[in-house]
Amino acid sequence: MKHLSVRLKLYFLVCCSAAALVMVAVCGWWSIQTLSEALDIIGDRRLPAVTALTSMHTARLESAKAMQDALAFRPDQYNDVPVKDDLITEVRWLFGETLALAEQANTEGESAFAAYDALPKSDEEQELWAQVSPVWQDYLSIDARQMELTKALTRVTDWEFLISDYSVFASNTVQWSAVVDQLTPLLKELSTLNIDSAQAAQQAGEVMVTRTRALMLVIISVALLIVCALGMLVARSIITSLLAIRTAIARVSDSNDFTLRAELGGRDELAQTVTAFNLLLENVQGSLQAVVTSTETVNNAADQVLSVSREVSESASKQRESASAMSVVSEQLVASIGRIANNCVFRRA
């Protein structure tokens, strides 16, 4: 860390934080994608398949119920009734209702068959569907005959014809029911298979969400630890450098010793600041040394001037003494000359 600049340290910290956020985002996206796939499997495949199969099964049950209700009439019970016009009318109405219910059920069943046939299927589903399709075709064939017999009973006007048509209807209903009985367990098996697949997809999605949640917690925890550790290292490197600079400034301020130097390794901006501070101290020390040298030079010059002044003063004193001596001698010479002059005058007189 000492060899990185403060800017690079901060950039590195920001990049690590961004990388942690990206990892969390990727993990969250992966979780959402996995859950979305599970929901797609349930919503786009399994749920429509279960709905279609349930509609087919329900349509067969409704049609079977209608046929069984019609089959329960048994016209031979009413052979002793003298006037059978009302019975014929009731039979026509009963089989008309049966025909309407059966046709509605057939329409719903065929629509559900087509919807399920268009859906994508697994290998196991395809194998079961291959068993259902021929049974379904058999059912359609015998159901068409069943619808013709039911329509005939809705148009009957004679009791003898009613008994005859009903006998054929009852016989065909047994065959029709046998085909329905073959179709029902296959549809149930397909429905169970799709329900199990939907539950498996849901469980897989829930397990994946749980794992992803745990993974996100781990990633967030690790990312927080890494970011906090890096933050502490960056802050420590910056604070340590600042403390070193502050300590050096305080020592120089307290001791006025400009020979002190701040010690800090590294190549960052703070290390460059310490280097500049040490250079400043060195320049100040050089300036002070230059001032001291100049002061010593001035002192030496002053001492020389003082020495010369003393010599001049001593020379002046000596000259003054010499002048005094010469004055005394001059006075003595004048006095001697005066006496000599007086003596000469006296001798002339």
Exercise. Report whether or not LYS188 is touching a residue at least 40 places away in the same chain (Cβ under 8 Å), assigned to a helix (DSSP H, G or I) and closer than 26 Å to ASP85 by Cβ.
Key: no
Quiz item: If you take the residues in region 96-121 that are part of a helix (DSSP H, G or I) and touching a residue at least 60 places away in the same chain (Cβ under 8 Å), which one is surrounded by the most Cβ atoms within 10 Å (Cβ to Cβ)?
Solution: TYR116
Quiz prompt | Selection status of GLN146, assigned to a helix (DSSP H, G or I) and surrounded by fewer than 18 Cβ atoms within 10 Å (Cβ to Cβ) | solution = no
Practice problem: Check region 51-58 and report whether any residue there is surrounded by 15 or more Cβ atoms within 10 Å (Cβ to Cβ), among the small types (Gly, Ala, Ser) and either modelled with pLDDT of 70 or more or more than 18 Å from SER197 (Cβ to Cβ) (or both). | Solution: yes
Quiz item: Just one of the numbered conditions (1) under 54 Å from the mean Cα position of the chain (by Cα); (2) modelled with pLDDT of 75 or more is not true of ARG261; which one?
Solution: (2)
Quiz item: Residue check: is GLU124 of a type in the set (D, E, K, R), under 52 Å from the mean Cα position of the chain (by Cα) and in a helix (DSSP H, G or I)?
Solution: yes
Quiz item: Can you name every residue in region 69-80 that is without any contact (Cβ under 8 Å) to a residue 24 or more places away in the chain and in a helix (DSSP H, G or I)?
Solution: GLN77, TYR78
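Table: residues versus (1) among the small types (Gly, Ala, Ser); (2) surrounded by 10 or more Cβ atoms within 10 Å (Cβ to Cβ); (3) at pLDDT below 75; (4) assigned by TED's automatic domain parsing to the domain that holds CYS16.
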{"residue": "SER253", "(1), (2), (3), (4)": "yes, no, no, no"}
{"residue": "GLU269", "(1), (2), (3), (4)": "no, yes, yes, no"}
{"residue": "VAL291", "(1), (2), (3), (4)": "no, yes, no, no"}
{"residue": "ALA316", "(1), (2), (3), (4)": "yes, yes, yes, no"}
{"residue": "ARG348", "(1), (2), (3), (4)": "no, no, yes, no"}
Exercise. Scan region 194-217 for residues that are of a type outside the set (A, V, I, L, M) and surrounded by fewer than 17 Cβ atoms within 10 Å (Cβ to Cβ) and jot them down.
Key: ASP196, GLN199, GLN202, GLN203, GLU206, THR210, ARG211, ARG213
Quiz item: From the list ILE220, ILE238, which residue is buried (at least 17 other Cβ atoms within 10 Å of the Cβ), of a type in the set (Val, Ile, Thr) and assigned to a helix (DSSP H, G or I)?
Solution: ILE238
Quiz item: Mind checking which residues of region 67-82 are farther than 16 Å from ALA152 by Cα and either in contact with a Cys (Cβ under 8 Å, 6 or more places away or on another chain) or surrounded by 13 or more Cβ atoms within 10 Å (Cβ to Cβ) (or both)?
Solution: ASP69, TYR78
Exercise. Kindly list the number of the only condition in (1) more than 57 Å from the chain's Cα centre (by Cα); (2) buried (at least 16 other Cβ atoms within 10 Å of the Cβ); (3) modelled with pLDDT under 85 that fails for ASP85.
Key: (2)
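The values are calculated or read from the model by the stated rules, or taken from the named source; none is laboratory data. Fair warning: this is a prediction, and the values are worked out from it, not measured in the lab. No Cβ is skipped: glycine too gets one built from the backbone with ideal geometry, and neighbour counts run over all protein chains shown.
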